[in-house]
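Student: Okay, handing you the structure first.
Read the figures in this text as sums done on the coordinates, not as results from a lab. Predicted model only: the values in this text are computed from it and were never measured. Cβ atoms come from the backbone with ideal geometry, glycine included; neighbour counts cover every protein chain shown.
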Number of protein chains: 2
Amino acid sequence: MMFKERINAQKAKELFLHSFQPISKIETLPIEECDGRIIAENIIASIDVPHYRRAAMDGFAVMASETLGAGTGSPVMLRLANIMEKGTCMRVHTGSPMPEKSDAVVMMEDTVLSGDKVEIFAQIHPFKNVGAIGEDIQKGEIILNRGRLLRPCDIAVLASLGIGNIKVFKRPLVVIIPTGEELVPRGKKNLADGEVYETNGLMSAMYIRKWGGIPRLLEIVTDSPDKIKEAIISNLDADMILTSGGTSVGKRDFVPAVVGSLGKLLVHGVGISPGKPTALGNINGKPVLCMPGYPVAGIVALFFYGKAAFRRLGHVPDEPERIVRAVLSGKITGRTGYKTFARVKIDNGIAIPLATTGAGILSSVSKADGFVIIPENIEGRNAGEEVEVVLIE
Amino acid sequence: MMFKERINAQKAKELFLHSFQPISKIETLPIEECDGRIIAENIIASIDVPHYRRAAMDGFAVMASETLGAGTGSPVMLRLANIMEKGTCMRVHTGSPMPEKSDAVVMMEDTVLSGDKVEIFAQIHPFKNVGAIGEDIQKGEIILNRGRLLRPCDIAVLASLGIGNIKVFKRPLVVIIPTGEELVPRGKKNLADGEVYETNGLMSAMYIRKWGGIPRLLEIVTDSPDKIKEAIISNLDADMILTSGGTSVGKRDFVPAVVGSLGKLLVHGVGISPGKPTALGNINGKPVLCMPGYPVAGIVALFFYGKAAFRRLGHVPDEPERIVRAVLSGKITGRTGYKTFARVKIDNGIAIPLATTGAGILSSVSKADGFVIIPENIEGRNAGEEVEVVLIE
């Protein structure tokens, strides 16, 4: 038996991404905990920053009009005072409030102080070296928009506004269901022939956490439609469902059919290589990604479909991949009609294709620094060609 | 008073990075907790993966010699059996152990099963569709080298080897000391004129955590040499020291002198803009970065010096920045002799320079998607030029 169909990689992704809505659950958190989170409200400045006229230089606050005619050879003399009045100046530091009546700061370098007399050697304009109220941020201004991913520097801006808590979207809860009667839990000693440690679920859980989600990694489920159904049904509180294994067309491959029976199976068989047996579905409005059990096929499906779906679900804005340009040391061949993910190692600007004998070779991913992605309509890339390597995070 | 010197940005970095050694402290952790950590030992495979001969396809295990002459029009007939012997074949699934005596798997597609008779329509070679013992990983092989940053896919490989715990370098402990008598703690209500919320320390702490370190953010220290000295001395258990503020040449700028009195002040005044008042030092072999108090100068110093030092300290391998190419909508000017970090916003492939009136404009960082970095010997970049924008993480 073969796949009934194989859907173009990108088309399948669009189908998948349009089959569900981003989450709407919101929580209120202290800003200190919000690095990497997505804001769920427009943040409006409730104060001006700065909230007072501040000196922008170390020097002397003056009334600018009194420096008229000052120059290198013709200093104006002012008296150092504690209260500003005609004929005086006051010492200010960067950031200190401007004294009333003063309207400019003469830089330290343009002055000579002797006793309480200050010689001013430069004429300056009003407002020179003075930070106006609201210069950085104006009261009422939208300072961060809903949907923004918060970086530490954004949180610093929130802190500068005196904001303590903000509303962010909840982290998506992603249930991960490893299936396969050949799998045994990590920690078991002395594997029998045919037994394999469960690794795909663990790996997926760690990527979900890295991407900002909350992974819920279930125990291994054996290749039984009832058990798989049970596992899915009892985890429908999750925002997204990832399964691993059981997606091929063998006698023990039940996962896509179970997804179809509980919701909608959108796609089974996609144009990515490795990763063709991937299935995409939707149960109760929640995205379901069924990853092939072969480790490398699984990781490609997770990166290509899982990450995109996770980001849409969690309102996470797009971000460019980390890319390195390198020269291929040997030919790589794409699989016709498939978007091919070829693993390469990078050494001193050279991309070395990793010889692998199939999707089961997990170590080839660990040896790999990244993927060269070969589009469907390209036969491959030749030795000596410069290629873009998408780094594996 | 002016800076005695200004050292080239890159030269200062090299001086700084060569003034200390990476940490040697190691801890043993469960692999599940090691995403993003750096391995402190070579990992050697203690088992073969797979540890048994496995079928690489769904189909029938056969003795390859018995398929001699089989073809589309001339099937070979074998008997479906439970024990392999001459004239028989056995059903296998991908990953299942190869029966003794069998040496190849005929794909499902090349067979027709009726009753206990299997017609084989293809002649195959020995070892075809069979995964050899150690095909993925060989016992004794170094599978991950000391100094590698662990990605989830690497941890999956460790899991596939049955490895439960590994040695990793400890996360560097970084003490962060915000200084400045103008600073007030977050949470205080109704700022007086001249008061500013502490944000640089908070921001630095969050970046340190993001980069994989353990931040220890101290309370605000006022502009007193004794208090600054006390804060540093009581935190010399840290692996790295970050201070913020008090690095200029004003009357209240004591930090570099204190660093010099406790250890070695390597550099004060560097060729980055904003960020010139940065100081770099070393106390007891530990790197000390003194960031300017102006928020944007501070962040540039943190990115350019702090991140590089942190990565060296923690054995973190270099990684390319996330970069976007965009066309400048307006001219940006570099400061002669300085490596200039110009903030830009990116909109649909257009990089829009952010008009700012100085290093104090923290909101310009929050509005910015990234920096266009203008080298020392370039005057600037013109509207219409394509530039690389280093995204602010």
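Student: Taking a spot 7 Å from the Cα of B:I44 along the direction of its beta carbon, which residues of the range B:144-183 have an amide N less than 13 Å from it?
Tutor: Label zone hits: B:144.
Student: Here is a follow-up. Sort B:V62, B:V316 so the one with the fewest other Cβ atoms within 10 Å of its own Cβ comes first.
Tutor: Sorted ascending by nearby Cβ count, the order is B:V316, B:V62.
Student: Given labels modelled 7 Å from the Cα in the Cβ direction, how far is it in nm from A:K25 to B:E100?
Tutor: 5.4 nm
Student: Let me ask something additional. What is the Cα coordinate range of the range A:176-327 on the first, second and third principal axes, sorted by size from largest, in whole angstrom?
Tutor: On the principal axes, the range A:176-327 reaches 43, 39, 29 Å in Cα extent.
Student: While we're on this one: Quick check: the angle from helix A:200-211's long axis to the longest principal axis of chain A, C-alpha only, nearest 10 degrees?
Tutor: Once rounded, the angle reads 20 degrees.
Student: If you draw the axis that swings chain A onto chain B, which residue of A has its Cβ closest to it, and how far is that in whole Å?
Tutor: Nearest residue, distance rounded to whole Å: A:R322, 3.
Student: Something else: For B:Q138 and B:V249, what is the calculated FRET efficiency with R₀ set at 56 Å and r taken between the beta-carbons, to the nearest 0.05?
Tutor: For B:Q138 and B:V249, the calculated efficiency is 0.35.
Student: Averaging sequence separations of C-alpha pairs under 8 Å and six or more residues apart, then dividing by the length of the range B:145-268, give the relative contact order as a whole percent.
Tutor: Relative CO of the range B:145-268 lands at 29 percent.
Student: Rounded to the nearest 500, what is the 222 nm mean residue ellipticity of the protein assembly as shown from helices alone, with -39500 (n - 2.57) per DSSP H run of 4+ residues and division by all residues?
Tutor: Mean residue ellipticity, 222 nm, calculated: -4500 deg cm²/dmol.
Student: Express in whole angstrom the spacing between the alpha-carbon centres of the range A:304-329 and the range B:84-148.
Tutor: Measuring centre to centre over Cα atoms gives 35 Å.
Student: Count the net charge of all other residues whose Cβ sits under 12 Å from the Cβ of A:A301, scoring Lys and Arg as +1 and Asp and Glu as -1.
Tutor: Working: positive: A:K13, A:K276, A:K307, A:K339; negative: none.
So the surrounding residues net to +4.
Student: Could you tell me the calculated FRET efficiency between B:R146 and B:N190, based on Cβ-Cβ distance and R0 = 51 angstrom, to the nearest 0.05?
Tutor: 0.40
Student: So what is the diffusion coefficient of chain A in µm² per second by Stokes-Einstein at 10 °C and 1.306 mPa s, using a Kirkwood Rh over Cα pairs?
Tutor: 62 µm²/s
Student: In percent, how large is the relative contact order of the range B:254-393, given Cα pairs closer than 8 Å and 6 or more residues apart?
Tutor: So the answer I get is 22 percent.
Student: Sort the protein assembly as shown into rounded, prolate or oblate with this rule: let a ≥ b ≥ c be the square roots of the eigenvalues of the Cα gyration tensor; rounded if a/c is under 1.5, and if a/c is not under 1.5, prolate when a/b is larger than b/c, oblate otherwise.
Tutor: Numbers: a/c = 2.72, a/b = 2.45, b/c = 1.11.
Prolate shape, in that a/c is at least 1.5 and a/b is the bigger ratio.
Student: Summing +1 for each Lys or Arg and -1 for each Asp or Glu, what net charge is found among the other residues whose Cβ lies under 14 Å from the Cβ of A:A238?
Tutor: Local charge sum for A:A238: +3.
Student: On to the next question. Taking chain A as a Gaussian network, Cα atoms linked when under 10 Å apart, which of A:N82, A:N165, A:N42 shows the biggest mean-square fluctuation?
Tutor: In the Gaussian network model the winner is A:N82.
Student: Sum up the charges of everything whose Cβ sits under 15 Å from the Cβ of B:F341, counting Lys and Arg as +1 and Asp and Glu as -1, but leave B:F341 out.
Tutor: Spelling it out: positives minus negatives among the neighbours equals +4.
Student: Please work out whether the range A:106-220 counts as rounded, prolate or oblate from its C-alpha gyration tensor, where a ≥ b ≥ c are the square roots of the eigenvalues and a/c under 1.5 means rounded, while otherwise a/b larger than b/c means prolate and anything else oblate? Please list the in-between numbers first.
Tutor: Working: a/c = 6.66, a/b = 3.26, b/c = 2.04.
Here the range A:106-220 falls in the prolate category.
Student: Another question, then. Between the range A:180-230 and the range B:180-253, how far is it from one alpha carbon centroid to the other, in angstrom?
Tutor: After rounding, the separation between the Cα centres reads 46 Å.
Student: Okay, next question. Cα centroids of the range A:257-297 and the range B:29-64: how far apart, whole angstrom?
Tutor: Taking the Cα centre of each part, the range A:257-297 and the range B:29-64 sit 25 Å apart.
Student: While we're on this one: Say each of A:S224 and B:S114 gets a label point 7 Å from the Cα, pointing the same way as Cα to Cβ; how far apart are those two points in nm?
Tutor: 3.6 nm
Student: While we're on this one: By count of other Cβ within 10 Å, fewest leading, how are A:T222, A:T243 ordered?
Tutor: A:T222, A:T243
Student: What is the calculated FRET efficiency for A:I378 to B:L17, with r their C-beta to C-beta distance and R₀ = 41 Å, to the nearest 0.05? Walk me through the intermediate numbers first.
Tutor: Details: r = 42 Å, r/R0 = 1.02.
It comes out at approximately 0.45.
Student: Still on this structure, I have one more. Counting pairs of alpha carbon atoms under 8 Å apart in space and at least six apart in sequence, what relative contact order in percent does chain A give?
Tutor: Relative contact order of chain A: 17 percent.
Student: Next up: Which value, in debye to the nearest 20, describes the size of the charge dipole of the protein assembly as shown about its Cα centre when Lys and Arg Cβ atoms bear +1, Asp and Glu Cβ atoms bear -1, and nothing else is charged?
Tutor: 100 debye
Student: What ranking do B:H125, A:H268 get, fewest neighbouring Cβ atoms within 10 angstrom at the top?
Tutor: B:H125, A:H268
Student: Looking at this model, which pairs from A:K128/B:K276; A:K167/A:K286; A:K286/B:K345; B:K25/B:K210 are more than 26 angstrom apart at the alpha-carbon?
Tutor: A:K286/B:K345
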